[in-house]
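Quick notes on the structure that follows.
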Amino acid sequence: MQKTLISFVISALIGLGLGYIAFDVVGGSKDVPAEVAQKGTDQSQSESKNEDNEKEPAETVSADSNILSSKGCLGCHSVSALNLEGGATGPDLSNAFENVEGKHGKPIDQFLKEPTSAVMSGVIGGSPLSEEEISEVVKVLQEASQK
């Protein structure tokens, strides 16, 4: 009886946590990713002004943040290779272009169509990406992996 109760409580807490994450990303605050993307862009611009030898084009970071912020990716993920700060819930996506296939058994474009992880299935299922958006995300993540 006691083990059953403990299992129930742990399962309920995990379920509530995943529900909170999915709600926050899919139905929650839509303004947060744009603010996070702007913060990342501002940091990139100030860093490139302060460092003459190291060039990081602000336009690239700004363009990259468009699809990632508009689709809510930065609500959970960051992309440190592109100086995009985001949420800490999900992993950094700097190496996702190279790592997703090994981790999830399919290339990133296929993963974005039909995710194999429970959390991402819920997130993308609630707001599927078009073919054009998938191409844009893949392009951004490929660029991040090359830095």
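Computed from Cα atoms alone, the Kirkwood hydrodynamic radius reported for the stretch 107-147 is 10.6 Å.
Quick check on the stretch 76-147: take the gyration tensor over C-alpha atoms, sort the square-rooted eigenvalues as a ≥ b ≥ c, and tell me if it's rounded (a/c under 1.5), prolate or oblate. Cα axes put the stretch 76-147 in the rounded bin. Projected label points at residue 114 and residue 5, each 7 Å from Cα along the beta carbon direction, are separated by 4.4 nanometres. Please arrange 101, 132 by counting, for each residue, the other beta carbons lying within 10 Å of its beta carbon, fewest first. Ranking 101, 132 by Cβ neighbours within 10 Å, fewest first, gives 132, 101. Summarising the label geometry, the points placed 7 Å from Cα in the beta-carbon direction at residue 106 and residue 133 lie 1.7 nm from one another.
Read-outs throughout are calculated quantities, based only on the coordinates presented, and are distinct from any laboratory measurement. Bear in mind the structure is a predicted one, so any value in this text is a computation, not a measurement. Because the Cβ atoms are built from the backbone with ideal geometry, glycine has one as well, and the counts that use them run over all protein chains shown.
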